[in-house]
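Worksheet: the structure to be examined is printed underneath.
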Amino acid sequence: MARNKLRTAGVLSGVAATLLLAACSNDAPASPEAATEALSAASLPPPYNEADVAAGEGLFLVHKCGSCHFLEAGAGNRIGPNLHGVFDRRAASLEGFAYSEAFKTLDLAWTPEEVDRLITDPKAFAPGTSMFYNGVYDETERKNLIAYLMVATSN
Ligand code: HEC
């Protein structure tokens, strides 16, 4: 358990360093303000303003979202579509990604609530989806994960 925590902390600091490097090209040691700004939930709508964004960042990897999705603009698609700017984007609307028929018939734009429904149980949300993923069953985990997504897909 302690070892897992250490490993998670290592991954997190690596990702935070990447975010910081992307945010400023300056070589000075990472400032705590910048890290807080990059990972802060304060500006998000409730209940996400009370979420733990750093925990969400870890969950993105733990729940394997990161094996199938890139979040950075211009990073391209993986097995799943790039999620940069996904909030307010129409479902199945990214050009050049081969969505399933199930997704193409979804008539919605992604809100935090719709993403919550999707990741709770993708197969129930869109029967026939090619997002082969069981779901995140824990409500708090989903909240933290979505808060992280809101921060990381919008900058
Ligand atoms: C095994 C690969 C895989 C995993 C793991 C996965 N996804 Fe996906 N995801 C996909 C695929 C493929 C699609 C497109 C589904 C379709 O067309 O039916 C998708 C679609 C999405 C969409 C909608 C994108 C759009 O353009 O409409 C969101 C949001 C999303 N995934 C979030 C997540 C999150 C959050 C996680 C982790 C909890 C996750 N995904 C885990 C493969 C994956």
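Any read-out appearing in this document is the output of simple, stated calculations on the displayed coordinates, not a laboratory observation. Nothing here was measured: the structure is a model prediction, and the numbers come from that model. No Cβ is skipped: glycine too gets one built from the backbone with ideal geometry, and neighbour counts run over all protein chains shown.
Annotations
- Identity of the residue in segment 57-70, within 11 Å of the chain's Cα centre (by Cα) and more than 6 Å from the ligand (Cβ to nearest atom), that ends up surrounded by the most Cβ atoms within 10 Å (Cβ to Cβ): Glu57
- Within segment 97-120, residues that are basic (Lys, Arg) have Cβ atoms under 6 Å from residues that are near the ligand (Cβ under 7 Å from one of its atoms) and not in a strand (DSSP E or B) in these pairs: Lys104/Ala92, counting only partners at least 6 apart in sequence or on another chain.
- Index of the failed condition, Lys104 passing every other in (1) surrounded by 15 or more Cβ atoms within 10 Å (Cβ to Cβ); (2) among the charged types (D, E, K, R); (3) over 26 Å from Gly58 (Cβ atoms): (1)
- Within segment 76-89, the set of residues being more than 7 Å from the ligand (Cβ to nearest atom) and under 20 Å from Tyr133 (Cβ atoms) comprises Gly76, Asn77, Arg78, Asn82, His84, Phe87.
- Tally, over segment 112-137, of residues that are surrounded by 13 or more Cβ atoms within 10 Å (Cβ to Cβ) and more than 9 Å from the ligand (Cβ to nearest atom): 7
- From the options Ala73, Ala102, residue that is more than 10 Å from the ligand (Cβ to nearest atom) and of a type in the set (Gly, Ala, Ser): Ala73
- From Ala54, Ala92, residue being away from the ligand (no atom under 11 Å from the Cβ), aliphatic (A, V, I, L, M) and out of contact with any Gly (no Cβ under 8 Å at 6 or more places or on another chain): Ala54
Condition check ((1) part of a loop (DSSP other than H, G, I, E, B); (2) on the phi > 0 side of the Ramachandran plot) across all residues:
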{"site": "Glu72", "(1), (2)": "yes, no"}
{"site": "Gly85", "(1), (2)": "yes, yes"}
{"site": "Asp88", "(1), (2)": "yes, yes"}
{"site": "Ala92", "(1), (2)": "yes, yes"}
{"site": "Phe97", "(1), (2)": "yes, no"}
{"site": "Phe103", "(1), (2)": "no, no"}
{"site": "Leu106", "(1), (2)": "yes, no"}
{"site": "Glu114", "(1), (2)": "no, no"}
{"site": "Leu118", "(1), (2)": "no, no"}
